[in-house]
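Heads up: the structure comes next, in structure tokens.
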Amino acid sequence: MAYKTIIEPFRVHTVQAIDLPDAAAREAALVRSGYNLFGLHAEEVIIDLLTDSGTGAMSTRQWSGMMLGDESYAGSRSFYRFERVVQELTGYSEIIPTHQGRAAEKILFTVAVDEGDLVPNNTHFDTTRANVEYRGATAFDCVCAEGHDPSLEAPFKGNVDIEALRAVILEHGVEQVPLVMVTVTNNSGGGQPVSMANLRAVRAVCDEFGIPLFLDACRFAENAWFIKLREPGYADRTPREIAREMFAIADGCTMSAKKDGLANIGGFLALNDREWARQARNLLILTEGFPTYGGLAGYDLEAIATGLEEVLDEQYLHYRIRSTEYLAETVHRAGIPTVRPPGGHAVYLDAAALLPHIPPHQYPAQALAIALYRAGGVRGVEIGTVMFGRARAGEPDEPAAMELVRLAIPRRMYTQSHIDYVGEVILDTAAHADELRGYRIVEQAPWLRHFTARLEPLA
Ligand SMILES: Cc1ncc(COP(=O)(O)O)c(C=O)c1O
């Protein structure tokens with residue numbers, strides 16, 4: 001490229017108005033929601049970086065493809081197109097549609113995981129962890145050492161710590177480790193990629209013990225792009241070739257099509273084991289629907305099939321990763337601590353480093369996320385002790401490994417000036433960081449508490 005400006009490789013076709021509520025309205029919204037940004041109405045937010053999940057803009061090809069949706073209950077043409085696209089991408093034979101990623105997790109773990117088992121992962125995403133724990137099993141994280149140091153610059157901070165993986169399998173007992181998972185990219189660890197070499201090393205450990213390997217593949221295309229950019233030997237390979245190689249290393253995957261499926265809803269479980277697939281389909285019928293729609297409309301299956309084709313476009317991936325980096329650079333240049341290098345789908349602010357005066361059990365990342373909303377109507381999400389810490393009766397919470405605010409960028413949604421605005425809000429908020437105060441939780445659910453907890457500001 002002769003010029004350095006990243007241009008969106010699309011033009012806007014349909015628009016949705018957004019508006020910034022005034023400061024008093026934002027304050028009232030915070031009080032009403034119990035200082036939990038999940039409780040805000042979307043209309044109370046001007047730039048919504050809560051999640052990149054299902055929030056992206058679909059293409060004209062996807063919208064027009066939806067008109068071709070076949071809504072037959074059984075054997076819909078749209079299912080067979082979806083199945084073919086997923087089979088060609090992943091190489092797996094058994095393709096089971098679900099309404100989103102966590103439904104695929106629930107079904108897989110119900111089939112494969114029993115009480116007392118242990119599932120290793122680089123870092124479990126919150127729903128993945130909850131679904132493992134719901135089975136009475138242990139969700140064990142073993143991301144590499146670099147992955148624990150937010151400011152360290154390293155190319156593949158999502159890699160699995162291979163020694164820790166071997167050790168935990170031996171310690172827990174091979175027969176009680178039904179599968180190993182690797183999350184690509186590692187969302188809860190900063191959206192950091194996993195290298196092909198590391199996937200191969202995980203595979204070797206799985207082969208040594210005869211344990212199946214599954215990918216949590218929500219952001220497989222972004223991971224493939226990082227491999228192309230950063231791993232020797234991949235520069236001349238297409239994202240599709242790299243993605244296929246990643247999938248070929250594993251035995252199956254769970255997928256939320258709301259991310260790299262470029263769709264607003266949907267997911268799947270894909271695998272080669274026919275017996276696990278048979279059991280999974282039986283469960284699917286119980287909770288999701290018949291195996292040729294799995295809780296989705298025929299038009300959703302069309303949108304996902306087209307999204308999976310579009311997401312591997314090199315121009316799209318170049319723009320996607322570069323535009324996330326653009327926001328990260330604005331913040332980094334201003335000396336604000338972030339997870340380095342920037343991940344694929346989000347910029348992660350390091351609240352522990354920015355707010356050292358707020359201890360983990362007073363939720364520094366929650367305080368920062370609230371401050372960003374208060375300052376400019378920007379909604380991010382806490383990935384810290386509210387999300388991952390453990391409540392202990394009569395004692396402060398057990399802290400999470402990191403205190404991050406994730407600003408996840410919806411795909412193909414915001415322009416560069418929206419992102420410039422977000423940069424200004426962050427810089428202004430950080431300039432007053434020492435004035436921010438912590439919070440306490442006044443109400444919480446026994447699992448996934450961050451979605452519904454109510455908090456109160458500390459004096
Ligand atoms: C890594 C990862 N795994 C699983 C999920 C769950 O997917 P869903 O929200 O579609 O249930 C997510 C969602 O954000 C995710 O990021």
Amide H neighbours of residue 438 under 5 Å, counting only residues 5+ apart in sequence or on other chains, H built in-plane at 1.01 Å? 458
Which whole-number percent gives the relative contact order of the chain, counting Cα pairs below 8 Å spaced six or more residues apart? 22
Based only on other Cβ atoms within 10 Å, what is the fewest-to-most ordering of 299, 373, 134? 134, 299, 373
Relative contact order (percent, whole number), the stretch 249-345, Cα cutoff 8 Å, 6+ residue spacing: 22
Which ordering of 413, 196, 67 is given by a fewest-first count of other beta-carbon atoms within 10 Å? 67, 413, 196
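Among 345, 357, what is the fewest-to-most ranking by other Cβ atoms within 10 Å? Intermediate results must be reported in sequence, preceding the final value.
On the way: 345 25, 357 12.
Neighbour counts put them in this order, fewest first: 357, 345.
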So which GluC sites (Glu not before Pro) in the stretch 62-107 end up in coil per DSSP with only 13 or fewer other C-beta atoms within 10 Å? 71
So what are the stretch 136-192's ellipsoid semi-axes, whole angstrom, largest first, if each one is the square root of 5 times an eigenvalue of the alpha-carbon gyration tensor? 24, 12, 9
Listed by chain and number, the lysines with an alpha carbon less than 28 angstrom from that of residue 258, same-chain partners under 8 positions apart left out, are 106, 157, 228
Between residue 285 and residue 88, Cβ-based FRET efficiency (R0 25 Å, step 0.05) works out to 0.45
The stretch 113-205: GluC sites (Glu not before Pro) in DSSP loop, at most 10 other beta carbons within 10 Å: 115, 153
In Å and whole numbers, how far do the C-alpha atoms of the chain stretch along each principal axis, longest first? 57, 54, 45
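A short reminder: the numbers here are calculations on the coordinates, not readings from a lab. Bear in mind the structure is a predicted one, so any value in this text is a computation, not a measurement. Virtual Cβ from ideal backbone geometry, glycine too; neighbours counted across all protein chains shown.
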